[in-house]
Amino acid sequence: MAHHVKGKLIAVIGDEDTCVGFLLGGIGEMNRNRQPNFFVVTKNTAVGEIEDTFRKFLKRDDIDILLISQTVDLLSSSFYRTSFQQVA
C-alpha cells in the first residue's frame, strides 16, 4: 500500500515583493493553527517582530527551509548570527 507523506514547507521572511513572488509561485500555506509560512517586512516592522517570527519558524516542524531576503538580513544580521550559532 502506498503511504501519503506530506512534504515540508519553505518559509519566507522578506519584503513585500519577495513574499508576493514566492506566493505567486505557490509556496503559501497555513498550518493547523492557521499560521502562515511567510512574513512580510515593511519599513515600519519592528526588529523584535522579525526576531519573534524567525524563532517561530525555527520551532515549526512543518518547515524545512527558511528564506530570509537580503533587505531583512541587513536589519538584524547580528541577531541571526547569534541564533544560528545556538541552533548549530
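Note on segment 2-36: among residues that are in contact with a strand residue (DSSP E or B) (Cβ under 6 Å, 6 or more places away or on another chain) and closer than 18 Å to Q70 by Cα, the one that is surrounded by the fewest Cβ atoms within 10 Å (Cβ to Cβ) is E16. Note on segment 37-73: residues that are surrounded by 12 or more Cβ atoms within 10 Å (Cβ to Cβ) and of a type in the set (G, A, S) total 1. When segment 36-54 is filtered for residues that are over 19 Å from V20 (Cα atoms), without any contact (Cβ under 8 Å) to a residue 24 or more places away in the chain and outside any loop (DSSP other than H, G, I, E, B), the ones remaining, listed by number, are G48, E49, D52.
Taken over segment 42-75, residues that are at pLDDT 90 or above, within 11 Å of the chain's Cα centre (by Cα) and either among the aliphatic types (A, V, I, L, M) or farther than 19 Å from L9 by Cβ (or both) amount to 7. Take segment 11-35 and flag every residue that is of a type outside the set (A, V, I, L, M, F, W, C) and not in a helix (DSSP H, G or I). Once the filter is applied, which keeps residues that are of a type outside the set (A, V, I, L, M, F, W, C) and not in a helix (DSSP H, G or I), segment 11-35 yields G14, D15, G25, G26, G28, E29, N31, R32, N33, R34, Q35.
The values are calculated or read from the model by the stated rules, or taken from the named source; none is laboratory data. Here the structure is a predicted model, which is why all the values come from computation and not from measurement. With ideal geometry, Cβ positions are generated from the backbone for all residues, glycine too; neighbour counts draw on all protein chains shown.
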